[in-house]
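Remarks on the structure that follows.
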Amino acid sequence: MILPIYLYGHPVLKKVAVPITEEYPEIAILMDNMYDTMYNAKGVGLAAPQIGLSIRLFVVDTIQAMKKEEEDKGIKRVFINPVILNESGDEWVFEEGCLSIPAISGDVERKAKVMLRYLDTDFVEHTEEFDGFNARVIQHEYDHLEGKLFIEKLKPLKKKLIQGKLNKIKAGDVNAEYKVKLYRL
Ligand code: NI
């Protein structure tokens, strides 16, 4: 089922999300719904706060964004209660966007590698290092669990330039090609 994506301005996006246990109700359905919602919006990642749930869970599918010959480098994964243990490598710039902030993108610097401890869909713990585009998407989604958005990492001038657009989103003046939820609605 496709769920509405909560947009910039909604307080759930500013909250630090809480861990979940195996007893969390209907988690299999939730994960299916998050994948459906992400694909429908043509995203490569979606964090639970973006569908209004302040819990530590996100889904990622970078396979769809890879060239055919590099598809094996992509990942399709659910990350539950992830913890970043370490970030390493050089900082690199990538133009990020976010389904909660339609039609805005900007260059964000992040470290190249991320060491992550997380639970899979069976609540089995893994510790794994990711790099490149996979690391980038994981870092972006992880920030959502900490109540942070990529726009906070933009250069001051860029922040100024997008302020008008952000105000419009907040005010509900927004056109997205997918179902959305505004704070005031
Ligand atoms: Ni995002």
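Please treat every number below as a calculation from the coordinates, not as lab data. Note that the coordinates shown come from a computational prediction; the quantities given were computed from them, not determined experimentally. All Cβ positions, glycine included, derive from the backbone under ideal geometry; neighbour counts span all protein chains shown.
Based on the alpha-carbon gyration tensor of region 133-185 and its eigenvalue square roots a ≥ b ≥ c, which shape applies: rounded if a/c is under 1.5, prolate if not and a/b is larger than b/c, or oblate? Present the calculation step by step, with values, prior to reporting the outcome.
Numbers: a/c = 2.09, a/b = 1.28, b/c = 1.64.
Oblate.
Would you work out which of Leu99, Phe123, Pro25 lies farthest towards the positive end of the dipole of region 1-134, given +1 charges on the beta-carbon of Lys and Arg and -1 on that of Asp and Glu, about the Cα centre?
Leu99
What shape does region 39-110 take by its C-alpha gyration tensor, where a ≥ b ≥ c are the square roots of the eigenvalues and a/c under 1.5 counts as rounded, a/b above b/c as prolate, and the rest as oblate?
rounded
Work out how much length Ser54 to Val16 would gain on full extension: take 0.36 nm times their residue separation and subtract the Cα-Cα distance, in nm to one decimal.
Extra length available between Ser54 and Val16 comes to 13.0 nm.
Cβ under 13 Å from Ala41's Cβ, Ala41 left aside: what net charge do those residues give with Lys, Arg +1 and Asp, Glu -1?
0
Using every alpha carbon pair in region 87-185, what percent of pairs falls into each 10 Å bin from 0 up to the bin containing the largest distance?
14, 39, 30, 16, 2
Determine, from the Cβ-Cβ distance of Ile2 and Lys76 and an R0 of 22 Å, the FRET efficiency 1/(1 + (r/R0)^6), rounded to the nearest 0.05. Intermediate values should be presented prior to the final figure.
Values: r = 18 Å, r/R0 = 0.82.
Calculated value: 0.75.
Sort out for me the Cα centre separation of region 1-55 from region 112-185, rounded to whole Å.
12 Å
Suppose every Lys and Arg Cβ carries +1 and every Asp and Glu Cβ carries -1, with no other charges. What dipole size does the chain come out with about its Cα centre, to the nearest 20 debye? Each step should come with its number before you reach the end.
Details: 26 positive and 29 negative charges, 253 e Å.
Taking the Cα centre of the chain as origin, the dipole is about 1220 debye.
Using only the alpha carbons of the chain, what is the convex hull's orientation-averaged projected area in square nanometres?
If I average the Cα hull's projected area over directions, I get 10.6 nm².
Normalised by the number of residues in the chain, what is the relative contact order in percent for Cα pairs under 8 Å and 6+ residues apart?
28 percent
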